[in-house]
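Input: a single structure, listed below in C-alpha cells.
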Amino acid sequence: MKKKALITTLGCKVNQFESAAFKTAFEEAGLQVVSTKENADVVVINTCTVTEKASAQSRQSVRQALRRNPGARIIITGCYAEIGAKELESEKELQGRDYTLIGNSNKDNLVSAALGTSRNPNLMLSAVTGEAKEICRLPVRRFGERSRAYLRVQDGCESFCTYCIVPYTRGPSRSLPIDEVIKQAKVFSQEGHREIVITGIHLGYYGADLSPREDIVSLVDKLCKETPDTCYRISSLEPLEITDKLLSLMKEKQNIQPHLHIPLQSGNDEILAKMNRRYTTDQFKAVIERCHNQVPDLAVGIDILAGFPGETDAHFTSALNFLAEIEFTYLHVFPYSIRPGTVAATFTDQLPKKTKEKRVAELRELSDSRRDQFYKQQLGKIKTVLVEGKRDKDGHLKGFTDNYIAVRFDGPDVLLNNFATVKLESFHKNYVLGARVNKNES
C-alpha cells in the first residue's frame, strides 16, 4: 500500500506554488497525496505569519494535523516556521512528537527530509534565510486540477516596510533564471493550464540579481513569445515598478490579461512615510492614470492597511478622500497587525481593535461599491472567460474574464477548464450573468 502525504497550505500565492512542488515531489517518490479527510504518514504544514491571525491559523493547523494524524511525521515550514519555533515548542500536541521545522530557503530539501533520504537532516534547520543566495528550485508538474496555475519566479524582499515581517522570513531577493521560468511555464501549458499567474514575494525585483540582468518586462515578453497560447496575469507590482514599457507590452500582447494589483497601503502621505513606503499619493495617482490611459478595460486591485499606528481620524478621512479621486476596481483590506521584530511593533501609538475594525468595514464597503460599479460598466461587452473546473450550486459554468470579472453562464461540460466567449448581460451580487456567444467553442 502506498504511503500517504497530506499538505496544508496557508497564505500567499508563493506558498501555494511551493506546496504544488511538494505534491509533485511526493508523487514522484511514490506517495499518494491525500485530502484532510484521510490519515497520512507524512503531514506538511506550509505556514504564514503575515498577520497575527495568520500565525494563529498556522498554529491551529499544526494542532489539527497532530490530532488527526497521530502516527504521522510532521513537517512545519513557511514563514511562521521561521519565527515561531519557540511558540511551537510550547504546543502540548508537539511534545514527544516527530516533527521538523524547515525554513523557506530550504524548501527544496523538504520532501527528502520528510522521507528520511536527506544526507544531512539538520541542513534545513541550520541555514539562515537572511543569507540565502539562490532561489529554491521547486519544479511543479501540475497545479492541481485548476485551470489557472501560479508560477513563482522570485523570492525574498529587501524593502523593509516598517509593518512587514516578510523580509525577515523570506530573506533577500532571488530570481529564477529566465530559461527555468520558461521551462516551468511550458510544463504548465502542456498540462492544460490555460492561464499562468506570475508571482513572487517582491515581483518587481525580478532579474536584478541575474547575469545577464533581466526585469519583469523582459520576462513577461519572453513568456508570451514562448507560449503564445497561454495567458499571463501579473500578480502584484509596487507602484513605481509599473513602467510605460510594461504598460505598452500589456497593450501589445494579447495573452497578457488587463489586470494589475498595486499595493497602496495608505492614502495619506504622512502614514506612507511612517510605513517606509517609497512613493507619495501624487505619484500613485499618476501611475493609476497612466495605467488606465494605456490599457483599455483595465482592472486595478489595491492593497490597503487600516489602522496603522498613529493613523488619526484626519489621516483616515484624507485616505478615503484620496481613494475617491482614483479609478480602481476593488480593494484588498487588512487591519494593521503587530508583528514582533518589525519597526512598527515598537511604535507607542497603536490603535484600538475597534477603531481598526470600523475602518476596515468602511474600506470594504467602498471596495464593494467600486467593484459593482466596474461590473455594471462592462455590461454589454463580449469577453473571454476562463472557465473553472466546477459548476456553481445552480449548475452554471463560472469563471473570470481577462479583466477579472466574476461571470456565470450556461454551457456544456466541454468548456470546463477552457476559454469561452461570453456576452456580459446582467449584474448580480458578486458576479455578472452572461450568455455564451460562440457555440462552436470546445
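Here, each number is a calculation from the coordinates, and none is a lab measurement. Bear in mind that the values here come from a model prediction, so they are computed numbers and not experimental data. Heads up, the Cβs are rebuilt from the backbone with ideal geometry, glycines too, and the neighbour counts pull from every protein chain shown.
Observations, loosely collected:
- Separation between Cα centres of segment 272-292 and segment 13-63, rounded to whole Å: 36 Å
- Per-residue Cβ neighbour rank within 10 angstrom, fewest leading, Leu298, Leu351: Leu351, Leu298
- Extension gain, Ala314 back to Gln294 (0.36 nm per residue minus Cα-Cα distance, nm): 3.8 nm
- Kirkwood's formula applied to the C-alpha pairs of segment 4-127 gives a hydrodynamic radius of 14.2 angstrom.
- About the Cα centre, charge dipole magnitude for the chain (Lys/Arg +1, Asp/Glu -1 at Cβ), debye: 1260 debye
- In this structure, the amide hydrogen of Gln32, modeled 1.01 Å from its nitrogen in the peptide plane, lies closer than 5 angstrom to those of Lys3, Lys4, Ala5, counting only residues at least 5 positions away or on a different chain.
- Three-way shape label, segment 366-440, alpha-carbon gyration tensor, a/c 1.5: prolate
- Here is the short version for the chain: Cys12, Cys48, Cys79, Cys136, Cys157, Cys224, Cys231, Cys291 have no other Cys C-beta closer than 4.7 Å.
- Taking a ≥ b ≥ c as the square roots of the eigenvalues of the Cα gyration tensor, segment 270-377 is classed as prolate, since a/c reaches at least 1.5 and a/b is larger than b/c.
- Mean shadow area of segment 310-442 over all directions, Cα convex hull, nm²: 10.8 nm²
- Extension reserve of the Glu145-Glu180 stretch, reckoned as 0.36 nm per residue once the Cα distance is removed: 10.3 nm
- Most fluctuating residue given options Ile234, Ile382, Ile135, as computed from a GNM of the chain linking Cα atoms under 10 Å: Ile382
- Note on segment 131-236: the C-alpha convex hull projects to 6.8 nm² when averaged across all orientations.
- Straight-distance candidates among the lysines for linking to Lys358, with alpha-carbon spacing under 19 Å and chain neighbours fewer than 8 residues away dropped: Lys53.
- Bridge type composition, the chain - antiparallel percent by DSSP, nearest 5: 30 percent
- Selected from Leu351, Pro177, Thr401, residue furthest toward positive end of dipole (the chain; charges at beta carbon): Thr401
- Approximate spin-label separation Lys423-Arg213, in nm, with each point projected 7 Å along Cα-to-Cβ: 5.1 nm
- Values of log10 I(q)/I(0), in the order q = 0.14 Å⁻¹, for the chain under a Debye, Cα-only, solvent-free model: -1.50
- Sorted peptide list for 41-50, 240-249, criterion being average Cβ within 10 angstrom, highest first: 41-50, 240-249
- For segment 49-203, the Cα gyration tensor yields ellipsoid semi-axes of 27, 20, 16 Å (square root of five times each eigenvalue, largest first, whole Å).
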